[in-house]
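Enquirer: The structure that follows is given in the form of structure tokens.
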Amino acid sequence: MNITTPQTSLIQKSTVPVALIDKQANLIEYSQALAVFFECSEENNETFDNSIIDNVLNTIKPILKSKQHFEEEIKIFTEDNKERWIKLNVYPYFGKAKLYQVFFSDITLQKTESYLAAQAHQLAKVGSWNMNLLTDTLIWSKVAKEIYGYPEDYPITINEAIESCKEGEHRNKMIQMFEACVEKGIDYDLETLIVTATGEEKWIHKIGKAVQVNGKTIAVRGAFQDIDKFKRQRNEFDKLNERMRIAVDRTNIGVWDYDIINDKMIWDRNMFNLFDIKEEGFDFKVAVKNIFPEDLNVLNKKIAESIKNLTSFEAEFRVIDRKNAVMHLKCKGKVLCKESKPYRIVGVNIDVTAEKNKNQKMQELLEVTENQNQRLLNFAYIVSHNLRSSSSNISMLASMLNSKLSKSEQEDFIEMIKVSSDNLNETITQLNEVVKIQTTKVSELQPIFLKEIIDKAIQSISALILDANAEINIAIDDKIKVYGIKPYMNSIFFNLLTNSIKYKCDKRKLMIAINVVSQDDDIIVSFSDNGLGIDLEKHGNKIFGMNKTFHKNKDARGIGLFITKTHVEAMKGEISVTSQVDKGTTFQLNLKQNI
Amino acid sequence: MNSENVFLVDDDFIFKTAALILLKRAHPECDFLYLKNGLEAYNKLKSLIESNEGFPKLILLDINMPVMNGWEFLDALKECTCLDDKNLNVHMLTSSIADEDIDRAKEYDFVKGYITKPFTQEDISNLRIA
């Protein structure tokens, strides 16, 4: 057949792939571009085998009756056996003979993409549906019906769709959201429970989207996905998580997670509570500043070590909270590795303040008890030795008074009884003082001018000093103050002075030197004499005990130094002694300038 | 050889005055030597041995004394090789009624008695010095 039309030359020259065919689908003419479309260059046009076009056209031969334009998609296989989708746009061209113009386009990409999408939907169990509001028809996809347990060809109704939502809150919510979508065009996205055709409950993720024309919803399109397994697992996990969280909340355990590589720290709510800081604007580097510096050093060292050795670590540190209170936290951490490289540390912090405080309280109580016990022992000793030596003397002397004594002897005895009873009295007074010291409170401490105290003590025993022919040299700044209790300070210097006089060396003139210097927060008093001295190797730490008398002369009671030490300690100070036999003794007092 | 010696080792002047009156009255035949502390007693004892004057038949010993107390004196006696323990006869004479002191005294073989003050006529007759 050789039909010539005005289009012929036009078709041949067309730059789009197009062919002219008759109603038997016989190829009349085609464009150069169509040859190219079928992978044939223009140059070897002569050798182009148009049978490939004939094959394609044959597929539309049965439907070439239509007088209207139609489309057809055809799958072919290329020479290298690849799938190729071709779309044919067929336009009737009626002139002298019934002819058709066929435009070719390649739709392989679109075809394979939508195919993959359909497959993905199948795999992910995503069903889709379309509700045409104009025709009131509902169409569900194959997967949608599968999810709901309906046969593929089941004609689902709107009522059935609504009733498939679980009665109660799930159905109510669904209706509410669907109505909002229809009326106001609000899209929805929710997770809800449905009841399938077989009466099984299932979690479904539903999405709905309004299709609007001129602000009026004409259709709603949507998709749903079966998330039952995932949702149930997540619910289970949420429940577990909640249980864990409640447990953790109650125990004051903070959990932290540190990303080593990116230097990022994540804290849970308890951590913020523990550190007493706000979650907003949390900066880990700032929060760390609340840790005691010396504790932070230890902590950092331990963490560095555990990163290096890939081990876990444990440390305790102190933190200052917003009320300036000290908290004790215990920290345990574990280094996590990926391919034996540390990348993360996960750990917990526990508040052990109450425990610590309890321990400290116990320790304090123990010390108080030990102290009291020691005093009691000292008390018993002093009763046994000092009190009894005086009382037994009185008893003995009194019983001898009525025996054969001369007049002058009797007078001596009465004098001796008097001395003994004075001694007894003094011992009892001192014992009373010992008991009193134990009840001192810190609140009674106040700043005192030290020079005044020393002057007063010297003045009070000036007769004794004169009698002993002692020389006292004092080096002190008038302005120096110590933190203490006046009667205690008086007693301390009184005791030290009388001690030096009592134990002076008869071979030389007694010299006493009192030097006071201020050093940091302390006032250091050095009190030296050139008296008999004490053999410290022998008496060592018992020197300040209540029971020790080192040079006993008739006035010695052995309580003086004990009382002095107790007084110093009651004012938060310290006392120590250095001495050399026959050279002298130096007492050093460290007193506090401030609280 | 004079073994009529009795040592009274005590630092308390009042006690010593009264005790010596009682002792001399009960035993005028004895020589009573008063020593102010352990060291004085120790030195006297040593000089007695060196001059071959013999042991005191009794030492009355206080515990709480300056320079060298009763216990230190007893320890010194124990360590001294020139003394024959068997001849020593020490009686503690102290105001201490503490059990620890009484028990401690028992640890020395040559401590034969423990007298608590006040010192009485009865204590003296129990001593059987004569």
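Enquirer: Using just the Cα positions, wrap the range B:80-123 in a convex hull and report its mean projected area in square nanometres, one decimal place.
Expert: The directionally averaged projection comes out at 3.8 nm².
Enquirer: Out of A:Leu193, A:Ile428, B:Ala98, whose Cα points farthest toward the positive end of the dipole of the protein assembly as shown (charges: +1 Lys, Arg; -1 Asp, Glu; placed on Cβ)?
Expert: Checked the options; the winner is A:Leu193.
Enquirer: If the viscosity is 1.306 mPa s and the temperature 10 °C, what translational diffusion coefficient in µm²/s does Stokes-Einstein give for the range A:384-437 when Rh comes from Kirkwood over Cα pairs?
Expert: The estimated diffusion coefficient comes to 132 µm²/s.
Enquirer: Next question. Kyte-Doolittle cut-off -0.5, length cut-off 30 Å along the helix's own axis using Cα: show which whole DSSP H helices in chain A pass.
Expert: Length and hydropathy pass: A:407-437.
Enquirer: For a quick size check, give me the Cα extents of the range A:225-383 along its three principal axes, largest first, whole Å.
Expert: 94, 35, 31 Å, listed from the longest principal axis down.
Enquirer: If amide H atoms are built 1.01 Å from N in the plane of the peptide, which residues on other chains or at least 5 residues away come under 5 Å of the amide H of B:Leu58?
Expert: For B:Leu58, whose amide H was placed from the backbone, the distant partners under 5 Å are B:Phe7.
Enquirer: Can I ask one more? I want to verify a result. In a Gaussian network model of chain B, Cα cutoff 10 Å, which of these has the top mean-square fluctuation: B:Val67, B:Val111, B:Val90?
Expert: Judging by the Gaussian network model, the answer is B:Val67.
Enquirer: I'm checking a number: the convex hull volume of the Cα atoms of chain B, normalised per residue, in Å³. What is it?
Expert: Cα convex hull per residue, to the nearest whole number: 99 Å³.
Enquirer: Oh, and also: Need one number for the range A:87-156: average projected area of the convex hull over its C-alpha atoms, nm².
Expert: The number I arrive at for the range A:87-156 is 8.0 nm².
Enquirer: Mind checking A:421-433 for the average number of partner chain beta-carbons within 10 Å of each residue's beta-carbon?
Expert: Partner Cβ neighbours, averaged per residue: 0.
Enquirer: Now for a different question. When the gyration tensor of the range A:159-212 is built from Cα positions, what are the square roots of 5 times its three eigenvalues, in whole Å, from largest to smallest?
Expert: After scaling each eigenvalue by five and taking roots: 21, 10, 10 Å.
Enquirer: A further question on this structure: Put one equal scatterer on each alpha carbon of the range B:37-105, apply the Debye formula with no solvent term, and list log10 I(q)/I(0) at q = 0.12, 0.19, 0.29 1/Å to two decimals.
Expert: Treating every Cα as an identical point scatterer, log10 I(q)/I(0) equals -0.31, -0.76, -1.51.
Enquirer: Which value in Å does the Kirkwood hydrodynamic radius of the range A:445-496 take, with 1/r averaged over all unlike C-alpha pairs and then inverted?
Expert: Averaging 1/r across every pair of different Cα atoms and inverting gives 11.7 Å.
Enquirer: Given N residues in the range A:121-211, what is Rg(Cα) / (2.2 N^0.38 Å)?
Expert: Scaled against compact globular proteins, the figure is 1.03.
Enquirer: Something else: List the lysines whose Cα sits under 25 Å from the Cα of A:Lys361, skipping any in the same chain fewer than 8 residues away.
Expert: A:Lys323, A:Lys330, A:Lys436, A:Lys441, A:Lys565, A:Lys572, A:Lys592
Enquirer: When Rg is the radius of gyration of the Cα atoms in the range A:303-433 and Rh is its Kirkwood radius, what does Rg/Rh come to?
Expert: 1.57
Enquirer: Would you mind telling me which residue in B:Gly70, B:Gly113, B:Gly38 has the biggest mean-square fluctuation in a Gaussian network model of chain B, where springs connect alpha carbons within a distance under 10 angstrom?
Expert: Residue with maximal mean-square fluctuation among B:Gly70, B:Gly113, B:Gly38: B:Gly113.
Enquirer: Per residue, how big is the convex hull around the C-alpha atoms of the range A:170-314? Give it to me in cubic angstrom, could you?
Expert: Taking the convex hull of the Cα positions in the range A:170-314, it is 221 Å³ per residue.
Enquirer: With Kirkwood's inverse mean 1/r over C-alpha pairs for Rh, give me the Rg to Rh ratio of the range A:277-356, two decimals please.
Expert: 1.01
Enquirer: Still on this structure, please answer the following. At what distance in angstrom do the alpha carbon centres of the range A:447-518 and the range A:240-278 lie from each other?
Expert: 62 Å
Enquirer: Please list, in chain and number order, the residues 5+ apart from A:Val352 or on another chain whose amide H is under 5 Å from its amide H, with Hs placed from the backbone.
Expert: Result for A:Val352 returns A:His328, A:Leu329, A:Lys330.
Enquirer: A follow-up question, please. Dividing the convex hull volume of the alpha carbon atoms of the range A:397-498 by its residue count, what do you get in Å³ per residue?
Expert: With only Cα atoms used, the range A:397-498 gives 112 Å³ per residue.
Enquirer: Which one of A:Ile575, A:Ser340, A:Phe449 has its Cα pushed farthest toward the positive end of the charge dipole of the protein assembly as shown, where Lys and Arg give +1 and Asp and Glu give -1 at the Cβ?
Expert: Ranked along the dipole, the leading option is A:Phe449.
Enquirer: Give the aspartates and glutamates reachable from A:Lys67 as a straight Cα distance under 15 Å; neighbours fewer than 8 places away on the same chain don't count.
Expert: Once the sequence-local aspartates and glutamates are set aside, what remains near A:Lys67 is A:Asp22.
Enquirer: Here is a further query. Any idea what Rg and Dmax come out to for the range A:188-253 if you just take the C-alpha atoms, in Å?
Expert: When restricted to the Cα atoms of the range A:188-253, Rg and Dmax are 18.7, 60 Å.
Enquirer: Above 32 angstrom, tally the Cα pairs of chain A and express them as a % of all pairs, no decimals.
Expert: 75 percent
Values in this text are rule-based calculations from the coordinates and carry no lab data. What you are looking at is a predicted structure, and each value in this text was computed from that prediction instead of being measured. So basically every Cβ, Gly included, is an ideal-geometry build from the backbone, and we count neighbours across all protein chains shown.
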